[in-house]
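The values are calculated or read from the model by the stated rules, or taken from the named source; none is laboratory data. Just so you know, these numbers come straight off a predicted model, no measurement behind them. Counting neighbours? That spans all protein chains shown, and the Cβs are built from the backbone with ideal geometry, glycine included. What goes into the accessible areas is simple: the full protein's heavy atoms, side chains included, and nothing from ligands, DNA or RNA. Shrake-Rupley method; radii C 1.70, N 1.55, O 1.52, S 1.80 Å.
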Amino acid sequence: MPLPLTQVQELRDRLSDRFRPWSRSAQFWVRAVDIYGSYKVCQLRAGFIRDEEEREAMWEQQHEIGAQKMYSLCSELGGLFLKAAQILGKPDLAPMAWVKRLVTLCDKAPSTPIEVVRDVVERQFCKDFDEIFDYFEVEPVGSASIAQVHRARLKSSKTDVAVKVQHPGAERLMMVDIRNMQAFALFLQKYDINFDMFSATKEMEKQICYEFDFVREARAMERIREFLRVTNKKPPVMVPRVIPGMVSREVLVMEFIEGTPIMNLSNEMSKRGIDPVGKLAAMAKQKILTNLTLAYGQMILKDGFFHADPHPGNILICKNTEVALLDYGQVKEMPEDLRLAYANLVIAMADDDLPATKESLRELGLETSSIVDNELEELFELSLRMFDTRLPPGVTVLSPFADDSSLNKVGVENFPEELFSVLRTIQLLRGLTVGMGLRFSCAQQWRPIAQEALLKAGRVKDVKSKRSSFLRRLF
């Protein structure tokens, strides 16, 4: 006797769910091997070409091909690979062909149908959807790999709110993605890149698990909001206010903040008759960047608890060039010793103190190996590439993994997992700096904050003695 159609469909859905992780893994490896293999072939061919212009043209063509393949991988698989696109789609880290393709993926994840959204909200709050909201916009204002955000108004409120709703089933697929990425990272660090990438992916796994707990995110948002309020006469960035009683593990309701995404800032300036590359625009961009990095310096060095995901999709520019920082799913709390060791490194980089930089890296737990004669210079250069936003004159790409990188001369054998969020944050801030056409050193801006942190912890004598010994050696 044939099964009823409903049972047949249910069986198909179950089989599809069971085999989806295997299918997803297969798709990733086929595409990843294709991209990696095409670059290794290009590298081999380029080695036989003496003409520099011809060699550069070959690489440009390869970058265009690679960008299209990477865009297809990230857009079609979604999930964790959309986050990878956010990291890779930075003008200081990846080839421009990659940046132009991957930057379009910010907030472009497939959205969950409104019927499913209603079900999630009702299940989480144990109330009828129409009893909660006066109105609820069907189209999300943004959709990312873990959740999407809708604009709405509560029955009990006269102001608009942002409703963040988790995509059902996203967590399971993200775990599949991270396992594949960890395996690929192990392969790369064994055969191609002299850097402990596996530790970075382990920290990423930890952070992703946290992102699926919106109760934790709400607590983090309120903690950072309060910290910035009490630390400054006027907070350098705005943090959305959580709506009391409207938080669950899969739904988060917060204040809605009007603003322009930072990646659309130049277009918005043009609409208002402002030259995006003129002096007025440069002053506005400098103010935006200064406020944003000040907030990060205070969070990282003074409190040790910070927003760890400053990609362009999470930054809004509001009235009077005020900055709003969104999405607190990825936050990091640094251990006290690590925070103070990083403060020492910030001061060493700001002062161009090579011996102190080496000592600070050791204090942070970075294990390096080197056979070069100018080890101090290469370690300092590597520190700037990883932990500062400054760029040498005329340089617009400063990737830790570039051909001229210090990683080719100084290997990082062990990189503490706890430090990866700082590394990623600095890389994203540098991407914003380059994208806005500015030159800026967060280490130099953060030096007084680092000094204050060490003074409060009773470590300032160490800083002074290191600085004095360096000056004696210098003069």
How large is log10 of I(q)/I(0) for segment 193-349 at q = 0.14 Å⁻¹ when the intensity is taken from the Debye formula with one equal scatterer per alpha-carbon?
-0.83
Under a cut-off of 16 Å between alpha-carbon atoms, report the aspartates and glutamates in cross-link reach of LYS302, not counting same-chain residues fewer than 8 places apart.
GLU226, GLU333, GLU336, ASP337, GLU452
Along its three principal axes, how long is segment 26-76 when you only count alpha carbons? Whole Å, largest extent first please.
38, 16, 7
The chain - accessible surface per residue (Å², probe 1.4 Å)
49 Å²
LYS158: which aspartates and glutamates have alpha carbons under 19 Å from its alpha carbon, excluding same-chain residues fewer than 8 sequence positions away?
ASP130, GLU131, ASP134, GLU137, GLU255, GLU258
For the chain, the helices passing both cut-offs (Cα extent along own axis of 18 Å or more, Kyte-Doolittle mean at least 0.5, full DSSP H runs) are 336-350, 420-435
Return, ordered by residue number, the residues of segment 123-151 whose backbone nitrogen is under 14 Å from a label point located 7 Å along Cα→Cβ of GLU171.
124, 146-147
Enumerate by residue number the trypsin sites (Lys or Arg not before Pro) in segment 24-78 meeting two conditions: DSSP loop (anything except H, G, I, E, B), and at most 15 other Cβ atoms within 10 Å of the site's Cβ.
ARG50
Could you work out how far apart the two model spin labels at GLN68 and ARG229 are, taking each label as a point 7 Å from the Cα in the direction of the beta carbon, and quote it in nm?
5.2 nm
Once ligands and nucleic acids are excluded and a 1.4 Å probe is used, how much of GLU322 is accessible, expressed in Å² to the nearest 10?
60 Å²
List the pair-distance distribution P(r) of segment 122-198, using every Cα-Cα distance, as the percent of pairs falling in each 5 Å bin from 0 up to the bin containing the longest distance, rounded to whole percents.
3, 13, 14, 16, 12, 9, 8, 7, 7, 6, 4, 1
Once you've got the Cα coordinates, tell me which of LYS202/LYS409; LYS155/LYS233; LYS100/LYS155; LYS164/LYS287 are over 31 Å apart.
LYS155/LYS233; LYS100/LYS155
Förster radius 35 Å - calculated FRET efficiency between LYS158 and VAL33, Cβ distance, rounded to 0.05
0.05
Using a 7 Å offset from Cα along Cα-Cβ at CYS126, what residues in segment 231-261 end up with backbone N under 17 Å from the label point?
245-251
For segment 43-64 and segment 243-284, what is the centre-to-centre distance using only Cα atoms, to the nearest Å?
40 Å
So who's got an amide H within less than 5 Å of the one on ALA147, skipping anything under 5 residues away but keeping other chains? H placed 1.01 Å off N, in plane.
HIS167
Using only the alpha carbons of segment 159-210, what is the convex hull's orientation-averaged projected area in square nanometres?
5.0 nm²
In segment 30-116, what is the volume of the convex hull around the alpha carbon atoms, normalised per residue and reported in Å³?
88 Å³
Which value, to two decimals, describes the C-alpha radius of gyration of the chain once divided by 2.2 N^0.38 Å?
1.04
Express the carbon and sulfur contribution to the solvent-accessible surface of the chain as a percent, rounded to the nearest whole number, probe 1.4 angstrom.
54 percent
Just want the answer: with Cβ charges of +1 for Lys and Arg and -1 for Asp and Glu, which residue in SER199, VAL253, LEU325 is farthest toward the dipole's positive end in segment 188-331?
LEU325
